Amino acid sequence: MDFGHLGAFFGGGPEMSKSMSNLDFYFMSLVFKFRDFFAPRINILKEAGIKPGFHVLDFGCGPGAYIMPLATLVGATGRIYALDIHLLAIKMVQDIITRKKLTNVKTIRSDCKTGLPDNNLDIVLLYDILHGLENMDTILEELHRVLKPNGILSVRDHHMNESEIASRITKSELFNVLKKGDKTYNFIKEK
């Protein structure tokens, strides 16, 4: 079951959160909790190949559905960055950090710039936001910048078909298709 499409009904999901009201964001978060109960996010993350010690950016983290599964995969030596433009998304992730006593998760409020150093990340997650990105070229340049050489951009977007996803990412010539999983596309950093 995938209920992510309801985010589009309520303002477009986390990627469109500039126009999403707080009430819509809360409702979307509730729907995601229901979705995550029936379709655990760890099953999606396993396709990205995340290992203990990895540094991962969840770009467009929304209410933080991937934070706890990511924490399990990266372990105590890994690092998680959760980026979103919506203040409620950042607050919800910070609440998870506090409740679960996570010391290796940092929130970033932004619509593009991460503030992270060059060649710093092993994997970037771009899940269920690609279809709504307005400044995609700028975002892909930023993600390319922060990924390590041969770093992975893991993409999932049920609003788009496979060829749309592949062409949108590879047309920048910053990434090439690495592998297609059941739920995700993984692209490798080029250049």
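If I compute solvent accessible area with a 1.4 Å probe over the protein chains, what percent of it on segment 75-191 is carbon and sulfur?
The nonpolar share, carbon plus sulfur, comes to 47 percent.
When ranked by the protection proxy of mean other Cβ atoms within 10 Å per residue, highest first, what sequence do the peptides 78-85, 115-122 form?
Working: 78-85: 23.4, 115-122: 15.2.
Peptide ranking by packing, descending: 78-85, 115-122.
With every protein chain left in place, what is the accessible area per residue of segment 58-191 in square angstrom, probe 1.4 Å?
Values: 5900 Å² over 134 residues.
Per residue, segment 58-191 has an accessible area of 44 Å².
Quick one: 3J(HN,Hα) in Hz for segment 75-83, Karplus 6.51/-1.76/1.60 with θ = phi - 60°, rounded, Gly and Pro as x.
Karplus-based 3J(HN,Hα) across segment 75-83 equals x, 5, 8, x, 9, 10, 10, 10, 10 Hz.
Considering only Cα-Cα distances, which of the following residue pairs are longer than 31 Å: Lys101/Lys189; Lys113/Lys171; Lys106/Lys179; Lys106/Lys180; Lys91/Lys171?
Over 31 Å Cα-Cα: Lys101/Lys189; Lys91/Lys171.
Just check segment 79-191 against the gyration tensor rule for me: Cα atoms, a ≥ b ≥ c as the square roots of the eigenvalues, rounded for a/c under 1.5, and otherwise prolate or oblate depending on whether a/b exceeds b/c.
On the way: a/c = 1.78, a/b = 1.52, b/c = 1.17.
Prolate, because a/c is 1.5 or more and a/b exceeds b/c.
May I ask you to derive the relative contact order of segment 117-191, considering only C-alpha pairs under 8 Å and at least 6 residues apart, and to give it as an integer percent?
34 percent
The values are calculated or read from the model by the stated rules, or taken from the named source; none is laboratory data. What you are looking at is a predicted structure, and each value in this text was computed from that prediction instead of being measured. FYI the Cβ positions are ideal-geometry reconstructions off the backbone, even for glycines, and counts take in every protein chain you see. These area figures cover heavy atoms from the full protein model, side chains too; ligands, DNA and RNA do not enter into them. Shrake-Rupley method; radii C 1.70, N 1.55, O 1.52, S 1.80 Å.
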